[in-house]
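**Student:** One structure coming up, written as structure tokens, with questions to follow.
Read the figures in this text as sums done on the coordinates, not as results from a lab. Because the structure is a prediction, the values reported are computed rather than measured. We place every Cβ from the backbone using ideal geometry, glycine too, and count neighbours over all the protein chains shown.
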Amino acid sequence: MKILVVEDEHRVAQAVREGLEQESYAVDVEFDGEDGLNAALADDYDVIILDVMLPLMDGFAVCKAIRNADKHTPILMLTAKDQDADVVSGLDNGADDYLAKPFSFEVLIARVHALLRRPKTATPDILAVEDLTLNTITKKVFRGKKEIYLSVKEFAILEYMMRNREKVLSKQNIMSHVWDFDSDILPNNVEVFIAYLRAKVDKPFKGVNLIQTVRGFGYTIGGSNAQ
């Protein structure tokens with residue numbers, strides 16, 4: 001899952017980024033409204049955390065422009081203001097939720113999880129493919145009754161694949177959703193992580209190999225058209 005944080009206070013932005021990365025999210029950060037809008041329109045994010053008081057273009061204008069571009073990514077407005085008028089303005093411009101500073105990181109994470117659970121994003125807490133289950137809240141993965149221990153990046157890749165079960169995902173798809181924009185990542189790195197996942201998710205278990213390669217196109221989990 002990939003999150004965009006648009007926040008001009010560098011200390012706050014870095015703290016939010018580090019916390020979200022600990023939760024297995026890939027995170028991009030922008031520090032002004034114009035760059036935030038450009039990033040939101042250029043990439044496919046699962047959630048946008050958007051400050052209101054931004055240089056060049058305030059958060060309300062950014063939010064409105066995102067919605068006018070027919071982007072429906074959930075938006076959490078993050079601001080020091082907590083007046084009713086500001087809440088109303090944010091929601092009227094297309095925000096999905098509103099969190100006033102100062103805030104606890106636990107509350108921020110709870111709000112992000114709530115946005116991801118909304119029906120329009122179709123992201124349940126527990127994902128399942130055959131006998132493989134992944135809990136997005138507890139970060140635990142089981143195949144049958146046996147727990148599988150994954151690194152943060154392995155978990156993020158598996159979650160993305162399970163959210164898109166039976167879809168063929170290219171290496172570029174995986175790179176853009178699991179790594180942030182500034183990461184020094186190559187397609188071969190995706191192959192390495194897929195091999196790590198297969199060694200943990202498939203090889204120790206008898207029966208169907210869930211992670212499959214579709215030659216020339218990418219990878220799928222739970223698909224029937226792999227080769």
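**Student:** For the chain, what does -39500 (n - 2.57) per DSSP helix run (n ≥ 4), summed and divided by total residues, give at 222 nm, in deg cm²/dmol to the nearest 500?
**Tutor:** -12000 deg cm²/dmol
**Student:** Still on this structure, I have one more. Taking every pair of Cα atoms in region 126-221, average 1/r, invert it to obtain the Kirkwood radius, and report Rg/Rh to two decimals.
**Tutor:** A ratio of 0.94.
**Student:** For TYR45, list long-range residues whose amide hydrogen, built 1.01 Å from N in the peptide plane, is under 5 Å from its own amide hydrogen.
**Tutor:** Counting only residues 5 or more places away or on other chains, the set is empty.
**Student:** Right, something else. Two decimals is fine: what is log10 I(q)/I(0) at q = 0.12, 0.16, 0.23 Å⁻¹ for region 2-121, from a Debye sum with one equal scatterer on every Cα and no solvent?
**Tutor:** With no solvent term, the Cα-only Debye profile gives -0.35, -0.66, -1.56.
**Student:** Listed here are the pairs LYS140/LYS203; LYS153/LYS203; LYS171/LYS200; LYS101/LYS153; LYS101/LYS140; which of them are more than 28 Å apart at the Cα?
**Tutor:** LYS101/LYS153; LYS101/LYS140
**Student:** Helix 59-68: angle to the longest alpha-carbon principal axis of the chain, degrees 0 to 90, nearest 10?
**Tutor:** The angle comes out near 60 degrees.
**Student:** Same structure again: Can you tell me the 0 to 90 degree angle between the C-alpha axis of helix 33-42 and the longest principal axis of the chain, rounded to 10?
**Tutor:** Orientation of helix 33-42: about 30 degrees from the principal axis.
**Student:** Could I ask something else about it? Counting other beta carbons within 10 Å of each residue's own, what order do ASP43, ASP180, ASP51 fall into, fewest first?
**Tutor:** ASP43, ASP180, ASP51
**Student:** On to the next question. What are the radius of gyration and Dmax of the chain, computed over its Cα atoms and given in Å?
**Tutor:** Calculated on Cα positions, Rg and Dmax stand at 18.5, 59 Å.
**Student:** Hey, another quick one. Quick one: 3J(HN,Hα) in Hz for region 155-170, Karplus 6.51/-1.76/1.60 with θ = phi - 60°, rounded, Gly and Pro as x.
**Tutor:** Rounded to whole hertz, the list is 4, 4, 5, 4, 4, 4, 5, 6, 5, 10, 4, 6, 9, 8, 10, 6.
**Student:** Let's test the formula: R0 of 41 Å, r as the Cβ-Cβ distance of GLU130 and ALA69. What FRET efficiency results, to the nearest 0.05?
**Tutor:** Rounded to the nearest 0.05, the efficiency is 0.60.
**Student:** Right, here's the next one. What is the magnitude of the charge dipole of the chain about its Cα centre, with +1 placed on the Cβ of each Lys and Arg, -1 on the Cβ of each Asp and Glu, and no other charges, expressed in debye to the nearest 20?
**Tutor:** In debye, rounded to 20, the chain gives about 1560.
**Student:** Let me ask something else about it. I'd like to know which of LEU158, TYR98, ILE174 lies farthest towards the positive end of the charge dipole of the chain, counting +1 on Cβ of Lys and Arg and -1 on Cβ of Asp and Glu.
**Tutor:** LEU158
**Student:** Something else now. Within the chain, which is the longest segment that contains none of the trypsin sites (Lys or Arg not before Pro) sitting in a DSSP loop with at most 11 other Cβ atoms within 10 Å?
**Tutor:** After excluding every exposed loop site, the longest remaining stretch is 1-144.
**Student:** Gain in length, ASP44 to ASP202, computed as 0.36 nm per residue apart minus the alpha-carbon separation, to one decimal in nm?
**Tutor:** 53.9 nm is the gain from fully extending ASP44 to ASP202.
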